[in-house]
Amino acid sequence: MRNRNNMIKIDENLCKGCNICIEFCPVGVYEQSGNVNKKGIHVPIPMNRDKCTKCGLCTLLCPDQAITVE
């Protein structure tokens, strides 16, 4: 069984904080982070990784191609 903790990756350097992943994830994997990246953006974090069904919607909708689901 694959480790679910490592299957979702967000590239903080590419993310612009649009939160499309938070809005459109059908199972609510992502939440807004309290931390900011180097650009001062609150990058979403996959808080509920165990809910991820690997549908790929977040990867498809991310305008910055910042999300990878393995």
- Query: What label, among [x] 1.23; [y] 1.38; [z] 1.02, belongs to Cα Rg over 2.2 N^0.38 Å computed from the structure on display?
  - Reply: [z]
- Task: Sort by residue number and report every cysteine in the chain with no other cysteine beta carbon within a distance under 4.7 Å.
- Result: Cys15, Cys18, Cys25, Cys52, Cys55, Cys62
- Simple label model, 7 Å out from Cα along Cβ direction - Met7 to Asn19, nm: 2.6
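Just to confirm, what accessible area per residue do you get for the chain at 1.4 Å probe, in whole Å²?
On the way: 4660 Å² over 70 residues.
Per residue, the chain has an accessible area of 67 Å².
Over the chain, how many pairs of lysines fall under 22 Å by alpha carbon, counting only those 8 or more apart in sequence or from different chains? Walk me through the numbers on the way to the answer.
Numbers: Lys9/Lys38; Lys9/Lys39; Lys9/Lys51; Lys9/Lys54; Lys16/Lys38; Lys16/Lys39.
Here the count comes out as 6.
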- trypsin sites (Lys or Arg not before Pro) within the chain: which are DSSP loop residues with at most 16 other Cβ atoms inside 10 Å? Arg2, Lys16, Lys38, Lys39, Lys54
- Message: Using the basic label-point model (7 angstrom from Cα toward the beta carbon), what is the Val27 to Cys55 distance in nanometres?
- Response: 0.9
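If each residue of separation counts as 0.36 nm, what is the full-extension length gain between Asn48 and Glu70 once their alpha-carbon separation is subtracted? Please report the intermediate quantities before stating the final value.
Numbers: separation 22, 0.36 × 22 = 7.92 nm, distance 1.56 nm.
Answer, rounded to one decimal: 6.4 nm.
The values are calculated or read from the model by the stated rules, or taken from the named source; none is laboratory data. If you're wondering where the values come from, they're calculated on a predicted model, not measured in any experiment. Please note: Cβ atoms are built from the backbone with ideal geometry, for glycine as well, and neighbour counts cover all protein chains shown. Accessible surface areas use protein heavy atoms only, side chains included; no ligands, DNA or RNA. Shrake-Rupley method; radii C 1.70, N 1.55, O 1.52, S 1.80 Å.
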